[in-house]
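Written out below as structure tokens is the structure these notes cover.
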Amino acid sequence: MYNILLTDDEQIMIDSLTFILNKNFSEQVQLFCATSGTEALEIVAKNQIDIIFMDINMPGLNGLETVRYIMHSKPGTVVIILSAFDEFQYAQEAVSLGAFKYLTKPVNRNTVIDTVREAMTHVDKKRGQLSTEVELHKKLDLVSPMVESDFIYSAAFGAGNDVSDYFSYFEIENCVWCFCCLEIPNVENSQLLEIYNKIRNVITPKAHCILGSFMMNRIAIFFYFPSKMYEDENPSKIIEVIKSLYNLLSIQIKSGIRAGISKIESSPSATNSAYNKALEMLNNVSEQGGIIFAEEWVENQETRNDTGGIAEKIFARIRAGDAGGLHAFIGQYFESLQKKYDNTDKIKNSLFELLVNVRNIATEIDSSYHNESFDNAFSFFSRENDMSKLEQFVRKLCSECAVAVMDSASRVANPIIEKASAFIMEHIAENISLEDTAQAVNVSSFYLSKLFKEEKNVNYVTYVTDVRMEKARSLLKEASLSIKEISAVVGFNDQNYFSRAFRSKFGMTPTEFRDAAQK
């Protein structure tokens, strides 16, 4: 069966083509009709159209403009141009756009029949090529990625596992290697296979690597290089290669990709610690995207982990209304200040400046916000020198600001976001994609993603993860469910992955959190 779209602003032309096609190809074709370029685009967007008859001279969006849009979005479509103008410039432009034929009106019946037969043959060839490619990809997808995923899982998550057999299987000899944790922003479940294939197509021609499978929006990649690239333990050549691959991925797949790279290793026994180091680097990358290498991080850790960088993370949690996520960063901030200054007054000045910025963020989001504790902050800092009490005071005010921001957001929440949040909470145990949620609230996935950024100050995947973590934290305070059961309740099929995500979020494992909560 061939889906054919007839586009012409003259109904008589559509009727004439319909008559010819139904008479000669009645069992082979399904016809669609459009009287404007805009209508044609809508039909193409909703249906798999194989062949299009397109008139050039139409009001509004003309035929050539319409073809340009169609060939951009559906490049495999066979387009037959119809025109009352027998002029070379029109034919030339049509051909440059990828048109299959250029016919001038009035069109002879036999010409239409012959052209359609040729177009059908062309479609059949493309279908045959696609079928062959699909079968080949299926075979490859069943073999290579399974072995690669097994290797990645054993190497990354199996502490103490002997992966030397995998090294032999992949012929990783006289090589150095590193782990990469890659996170793709705003990715839907329906896109994962496509993105996986794109990543593979971008990096495998340019570097030796082994890809794991996606875990939510993250994928682990094992890069290996000839030892000579690491002469004199200088990682610059390897870093340069991976940076160029990161840039290609950002251009060809999506901007805002986050990546963390482990140190360069040579022993198979170091795979688990290397993966954890790559994950640690990823967690330090900005939400706006970027790449951090452990090799460079060692050199610049003091500047990267400075008080200013930690303060920015505190401000980000305030804006997100995440009171729970603040505490680890506040602890880091105090440690950083005490390492940086040996003078108590300088530490207190920095703390006071932090609170001024925190209050400004809260009042910027909610102009009615007021907290008397801020008014008394200066006098409190003037008289108090006990670091534990200063830290407790800062934690309290920052948490109150975050709660106020969250309350303000809930009062003025967009009704679409409210519905989406309710849907997410109801289906938190399931694998809910952005597309699923968008469909539930009757908006496009693109628009919903944009709303989450505007209303929640985080992307969709981060929001869902935060909801899962908060629910998990609440359940862990009770003793009725095991950690494995809680993992399933909040939508994690892999308990180990849940534990790592929880630790990344709160700085402790679920077991450690439960023990601390029940003391």
Checklist entry - Hey, rough spin-label estimate for residue 328 and residue 495, points 7 angstrom out along Cα→Cβ, what's it come to in nanometres? => result 2.2
Item to check | Simple spin-label estimate for residue 61 and residue 240 in nanometres, 7 Å along Cα-Cβ | outcome: 4.7
Checklist entry - In the chain, what percent of the accessible surface is made up of carbon and sulfur (1.4 Å probe, ligands and nucleic acids excluded)? => result 49
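Subtract the Cα-Cα distance of residue 357 and residue 284 from 0.36 nm times their separation in residues, and report this length gain in nm to one decimal.
24.1 nm
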Next on the checklist: Using only Cα atoms and rounding to the nearest 10 degrees, what angle (0 to 90) does helix 294-304 make with the longest principal axis of the chain?
Outcome noted: 60
Item to check | With Cα atoms, 0 to 90° folded angle of helix 460-476 axis to the chain main axis | outcome: 40
Next on the checklist: If R₀ is 22 angstrom, what is the calculated FRET efficiency for the pair residue 206 and residue 168, using the beta carbon separation as r and rounding to 0.05?
Outcome noted: 0.35
Item to check | Rg followed by Dmax, in Å, when the chain is reduced to its Cα trace | outcome: 29.6, 98
Item to check | Solvent exposure, largest accessible area first (probe 1.4 Å, DNA, RNA and ligands not counted), of 66, 465 | outcome: 465, 66
Checklist outcome for this item: Normalised Cα Rg of the range 438-517, dividing by 2.2 N^0.38 Å with N its residue count, works out at 1.26
Checklist entry - Going 7 Å from the Cα of residue 479 toward and past its Cβ, which residues in the range 491-519 have a backbone nitrogen under 12 Å from where you end up? => result 515, 518-519
Next on the checklist: Could you give the length gained by full extension between residue 450 and residue 193, i.e. 0.36 nm per residue of separation minus their alpha carbon distance, to one decimal place?
Outcome noted: 90.2 nm
Checklist entry - Viscosity 0.890 mPa s, temperature 25 °C: Stokes-Einstein D of the range 196-293 from its Kirkwood Cα radius, in µm² per second? => result 174
Item to check | Extension gain from residue 74 to residue 12, taking 0.36 nm per residue of separation minus the Cα-Cα distance | outcome: 19.6 nm
Item to check | residue 20 paired with residue 407, simple spin-label distance in nm, labels 7 Å along Cα-to-beta-carbon | outcome: 7.3
Checklist entry - Using modelled backbone amide H atoms (1.01 Å from N, in-plane), which distant-in-sequence or interchain residues come within less than 5 Å of residue 2's amide H? => result 29, 30
Item to check | Cross-link partners of residue 105 among lysines (Cα-Cα below 21 Å; sequence separation of 8 or more within a chain) | outcome: 23
Checklist entry - Amide H to amide H under 5 Å from residue 481: which residues, 5+ apart in sequence or cross-chain, H placed 1.01 Å off N in plane? => result none
Checklist entry - Taking only Cα atoms, what is the 0 to 90° angle, nearest 10, from helix 307-319's long axis to the longest principal axis of the chain? => result 60
Checklist entry - Once the Cβ-Cβ distance between residue 113 and residue 30 is put in as r, and R0 is 22 Å, what FRET efficiency do you end up with, to the nearest 0.05? => result 0.80
Checklist outcome for this item: Given pairs 126/450; 263/389; 263/313 and cut-off 31 Å on Cα-Cα distance, the over-length ones are 126/450; 263/389
Next on the checklist: Students often forget the sequence filter, so: which lysines lie under 26 Å Cα-Cα from residue 484 once same-chain residues fewer than 8 apart are removed?
Outcome noted: 277, 471, 505, 519
Checklist entry - What is the Cα coordinate range of the range 306-452 on the first, second and third principal axes, sorted by size from largest, in whole angstrom? => result 57, 31, 22
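The values are calculated or read from the model by the stated rules, or taken from the named source; none is laboratory data. Keep in mind that this is a model prediction, so the values were computed, not measured. Glycine also receives a Cβ, built like all others from the backbone with ideal geometry; neighbour counts cover every protein chain displayed. Ligands, DNA and RNA are excluded from the accessible area calculation, which covers all protein heavy atoms including side chains. Shrake-Rupley method; radii C 1.70, N 1.55, O 1.52, S 1.80 Å.
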